[in-house]
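To keep things clear, I will list the structure first and then write my remarks on it.
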Amino acid sequence: MKEKLHQLKLKYQGKKMAPAFNALHTFLYSPNETTHSGSHVRAVDDLKRTMNTVIMALVPCLLFGMFNAGYQHYSAINGFPAEFSLFEHFLTWDNFWLGVITILPLVIVSYGVGLVIEFIFAVIKGHEVEEGYLVTGMLVPLIIPVDTPLWMLAVAVAFGVVIGKEVFGGTGMNILNPALTIRAFLFFAYPTWMSGDKVWVHDAVNLAGTADAISGETILGYLAQGNTSEFSYSVSDMFFGFIPGSVGETSTLLILLGGLFLIFSKIASWRIMLSAVIGSLVMGLLFNGAVAWEWIPEYSKFYGLMSFDFWKHLIVGGLAFGIVYMATDPVTGSQTNKGKWIYGFLIGFISVMIRVFNPGYPEGVFLAILLMNVFAPTIDHYVVQGNVKKRMKRLKNATILPKPSDGKAEELKVETV
Amino acid sequence: MALLSKKDANLILDPLADNNPITIQVLGICSALAITAELKASVVMSISVLFVLGVGNVVISLMRNIIPSKIRIIVQLIVVATLVIIVDQVLKAFAYELSKTLAVFVGLIITNCIIMGRFEAFALGNGPWKSFLDGIGNALGYGVILIIVGFFRELLGSGTLFGIPVLGDPIAKTGLYATGYENNGFMIIPPAALIVVGVIIWVQRSRNKALIEEA
C-alpha cells in the first residue's frame with residue numbers, strides 16, 4: 001500500500017493533481033523524502049500526529065454521544081427509568097444502533113464536504129493538503145444537535161471551511177476556530193434547528209404536534225425559562241452526561257478524561273483549560289452572590305440561571321467541551337503563556353455571562369470562544385510589549401549600576417576583547 | 001460609443017469594474033450593509049444615489065470656480081443635503097412604505113463617502129459634462145454591487161425577489177421547501193452583507209490580479 005501510493009505520487013509529480021495524491025500518500029504514512037543537506041532532527045510527532053491525538057481524545061465523547069442519542073430518544077418515548085442502571089438502560093445495542101444511524105451520517109457529511117473543499121483548494125493553490133480539517137471534521141458533529149439536517153450541515157461546513165479558513169490562507173492562518181464558525185453559521189442561519197426544546201432528542205421535531213410528541217429541553221433551557229424545579233436530572237446525571245444536549249458535549253467525565261489525556265500528551269495547553277475553569281467559576285460566583293444578597297428579585301427572568309450553583313455551570317451544556325477541545329486550539333488561541341491565562345479566563349467568564357444574559361439562547365460558549373479568538377492576537381501583542389518594556393527597564397537599570405570610572409572601563413574592555 | 005469619446009466612456013465604465021467605489025475604493029460600505037436585505041430597497045437606494053451624485057457633481061462642477069476653498073466642504077454639504085431632501089420627499093410622497101424601510105438611510109446619503117469623495121476628487125477640478133459622467137459612473141458602480149448583494153441576500157434569506165416568492169411557500173411547504181429546504185436566517189442580518197461583499201471582492205481580484213495590493 002505504502003509503496004503503491006509512493007509510486008502514484010512519483011507518477012503525478014509536477015502534474016496539476018499532484019497535491020491530491022501527495023495528500024493521500026502522507027495521510028497515514030510519513031513521507032519517504034529525506035533532506036540532503038545539513039543536519040536535521042526528525043520526529044514523527046508532526047501536525048498529523050497532533051491531530052490524531054486530539055481525535056483519539058474525542059472518540060469516547062463520540063461513542064458516548066451515540067449511546068446517549070438512543071437513551072434520550074427511547075426514554076423520551078417510554079419514560080425515564082425510575083431505577084437507572086448503566087448496563088440495562090444506557091449501554092444497550094438499541095441505544096447504540098440508533099446513535100449510529102443518526103450520528104454517523106453527520107460525521108460522514110462533515111468529513112466528506114470538508115475534505116473535498118480542502119482537496120479543491122490544495123489543487124488550486126498547488127500545495128499540500130493541510131491536515132487541519134481532521135480535527136474540525138470530528139468536532140463539528142459533536143457540537144450540533146443530533147437531528148441537524150444533513151444538507152444544512154453540508155452548507156455550513158462549506159461556509160466554515162471557505163470563509164472561516166481558506167480565505168485567510170488555510171490551516172494555521174485562520175483567525176476563527178473553523179468548527180465554531182460552522183456552528184455559529186448554523187445557529188444564525190437556521191436557529192429553529194439549533195435551539196429550543198425539540199432538537200436535542202432524535203425524532204422530536206418530526207413528532208411535534210402529533211399525539212406521540214416528545215421533547216427534551218436542555219437544563220440551561222429550563223433554567224432560562226425560570227423552570228428551576230421542572231427538570232429531574234441529578235448532579236451525577238449532569239456529570240456523567242445522561243442529559244439532552246449536543247451530540248458529544250454532555251458527558252463531563254469523558255471530556256475531563258480527554259482533557260487530561262491532551263494535557264499529558266502535551267497537545268493542549270493546561271493553562272487555558274485551568275484559567276477558563278477559574279473564569280467561569282468566578283463569574284458564576286458573582287451571579288450567585290448577586291442572588292444571595294437579594295439584588296435580583298425572584299420574578300426576574302435571569303433569576304433561574306443566576307441562582308444556578310456556580311460549579312454546576314461546568315457540568316451542563318457545552319462549557320466543558322468548549323474549554324477542553326475548542327479554546328485550546330493552538331492556532332486561534334493566545335500563544336504566550338501569560339496571554340493564555342488571560343485568554344482562558346475571559347472565555348470562562350464571558351461564557352457564563354452570555355449564558356445568563358442572552359435572552360434568545362441559553363448557551364454562550366461558542367460565542368465567547370469566537371470573541372476571544374478575535375482578541376487573542378491583541379492579548380499576545382500586549383503581553384509581548386509588556387515583556388519588552390520590563391526588559392528595557394532592566395537594561396536601563398543595569399547600565400546605571402557599574403559606573404564606568406576610567407580605569408575600570410579600560411580593564412573591562414581588555415577583558416572582553 | 002459615437003456619443004462619447006473614449007475618455008468620457010471610461011469615466012462611466014471604470015467605476016463599474018476596475019475602480020468600483022465599493023469593492024476597490026471601499027467607500028459607502030455602511031449603506032451597502034444596512035439596506036441590502038431586500039432587492040427593492042437596494043434598487044431604490046441605487047437610484048437615489050444616482051440622482052444625488054449625478055446632479056450634485058454637475059452643480060459642484062458649475063460652482064467650482066466661485067467656491068472659496070476654505071468653505072468648500074460646507075458648500076458641498078449644502079448641495080448634497082438639498083438633493084437628499086428632494087429624494088426623501090419624493091419617496092415619502094410616492095413610495096411611503098419603502099421610505100419607511102429605508103428609514104434613516106436615505107438621509108444618511110449625505111454622509112455617504114462616495115458622494116463627498118467624488119465632489120472633492122473630481123467635480124472640483126473638471127467641467128460639468130465630465131463631472132456628470134463621473135457621477136453617473138460611480139453611482140452605477142455602487143448600484144451594481146448593491147443589487148448583486150441584495151439579490152443574493154433576498155433570494156437566500158427570504159426566498160423572494162422584489163418581495164415575490166420565487167422558491168415556493170415556506171409555510172405551506174411548496175416548491176423547493178417541500179424538499180426540506182429552509183431560508184437562511186444568516187443572510188438577513190447585516191454581517192452577511194459584509195461576507196457577500198467580501199466574496200465579490202475576492203472573485204474580482206482573483207480574475208484581475210492587477211487589483212491586488214502589495215502586502
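The values are calculated or read from the model by the stated rules, or taken from the named source; none is laboratory data. Everything numeric here is computed off the predicted structure, so don't read it as measured data. Here Cβ is always computed from backbone atoms with ideal geometry, including for glycine, and neighbour counts include all displayed protein chains.
Only a single item in (1) of a type in the set (A, V, I, L, M, F, W, C); (2) buried (at least 18 other Cβ atoms within 10 Å of the Cβ); (3) in contact with a Phe, Trp or Tyr (Cβ under 8 Å, 6 or more places away or on another chain) is not met by A:Phe84, and it is number (2).
Please verify whether B:Leu27 is of a type outside the set (Phe, Trp, Tyr), touching a residue at least 40 places away in the same chain (Cβ under 8 Å), in contact with a Cys (Cβ under 6 Å, 6 or more places away or on another chain) and under 20 Å from B:Asn138 (Cβ atoms), treating the condition exactly as stated. Answer is yes for this residue.
Within the range B:117-132, the set of residues being of a type outside the set (Lys, Arg), within 20 Å of B:Ile22 (Cβ to Cβ) and buried (at least 24 other Cβ atoms within 10 Å of the Cβ) comprises B:Phe119, B:Ala123. The set of residues from the range B:176-209 being away from chain A (no Cβ under 11 Å) and outside any loop (DSSP other than H, G, I, E, B) comprises B:Leu176, B:Tyr177, B:Ala178, B:Pro190, B:Ala193, B:Val197, B:Ile200, B:Val203, B:Gln204, B:Arg205, B:Arg207, B:Lys209. Looking across A:Leu262, A:Leu253, one residue alone is farther than 18 Å from A:Ser351 by Cα, within 15 Å of the chain's Cα centre (by Cα) and in a helix (DSSP H, G or I). It is A:Leu262. For B:Gln76, are the conditions met, namely being modelled with pLDDT of 85 or more and buried (at least 17 other Cβ atoms within 10 Å of the Cβ)? Answer is yes for this residue. I'd like to check something: does the range A:186-197 contain any residue that is farther than 24 Å from A:Met152 by Cβ, buried (at least 17 other Cβ atoms within 10 Å of the Cβ) and modelled with pLDDT of 75 or more? No, the conditions are met nowhere in the range A:186-197.
Within 14 Å of chain A (Cβ to nearest Cβ) and either within 16 Å of B:Cys30 (Cα to Cα) or crowded, with 16+ Cβ neighbours inside 10 Å (or both): which single residue out of B:Gly157, B:Gly150, B:Gly135 fits that description?
Just a single option satisfies the conditions, and that option is B:Gly157.
Restricting attention to the range A:166-195 and to residues that are part of a loop (DSSP other than H, G, I, E, B) and within 14 Å of another protein chain (Cβ to nearest Cβ), the residue that is nearest to A:Phe242 (Cα to Cα) turns out to be A:Ser195.
Of all residues in the range A:303-328, those that are assigned to a loop (DSSP other than H, G, I, E, B) and modelled with pLDDT under 85 total 7. Here the range B:160-175 is the region considered, the condition is being of a type in the set (A, V, I, L, M, F, W, C) and surrounded by 15 or more Cβ atoms within 10 Å (Cβ to Cβ), and the residue that is nearest to the other protein chains (Cβ to nearest Cβ) is B:Leu167.
Residues that are closer than 25 Å to A:Ala327 by Cα, buried (at least 22 other Cβ atoms within 10 Å of the Cβ), in contact with a Lys or Arg (Cβ under 9 Å, 6 or more places away or on another chain) and at pLDDT 75 or above do not occur anywhere in the range A:224-232. When the residues of the range A:131-145 are filtered to those that are modelled with pLDDT of 85 or more and not in a helix (DSSP H, G or I), the one that is farthest from the other protein chains (Cβ to nearest Cβ) is A:Ile143.
Sub-6 Å Cβ pairs linking a first residue in the range A:147-160 that is facing chain B (nearest Cβ under 9 Å) to a second residue that is surrounded by 19 or more Cβ atoms within 10 Å (Cβ to Cβ) and in a helix (DSSP H, G or I), at least 6 apart or interchain, are A:Phe159/A:Phe185, ordered by first then second residue. With respect to A:Ser300, determine if the residue is over 14 Å from the mean Cα position of the chain (by Cα), hydroxyl-bearing (Ser, Thr, Tyr) and assigned to a helix (DSSP H, G or I). Judged against the criteria, A:Ser300 is not a match. If the condition is being part of a helix (DSSP H, G or I) and touching a residue at least 24 places away in the same chain (Cβ under 8 Å), then the range A:238-250 contributes A:Met238, A:Phe239. Just one of the numbered conditions (1) away from chain A (no Cβ under 13 Å); (2) outside any helix (DSSP H, G or I) is not true of B:Leu124: (2).
Does A:Ile347 meet the test of being within 23 Å of A:Val383 (Cβ to Cβ), crowded, with 23+ Cβ neighbours inside 10 Å and within 17 Å of the chain's Cα centre (by Cα)?
yes
Residues to consider are A:Gly114, A:Gly79; find the one that is free of Cβ contacts under 8 Å to residues at least 60 places away in the same chain and more than 30 Å from A:Gly170 (Cα to Cα). On inspection, the qualifying residue turns out to be A:Gly79. A residue that is outside any helix (DSSP H, G or I) and not basic (Lys, Arg) occurs nowhere in the range B:145-154.
In the condition set (1) modelled with pLDDT under 85; (2) part of a helix (DSSP H, G or I); (3) within 23 Å of A:Ile182 (Cα to Cα); (4) not hydrophobic (A, V, I, L, M, F, W, C), A:Pro362 is compliant with all but (2).
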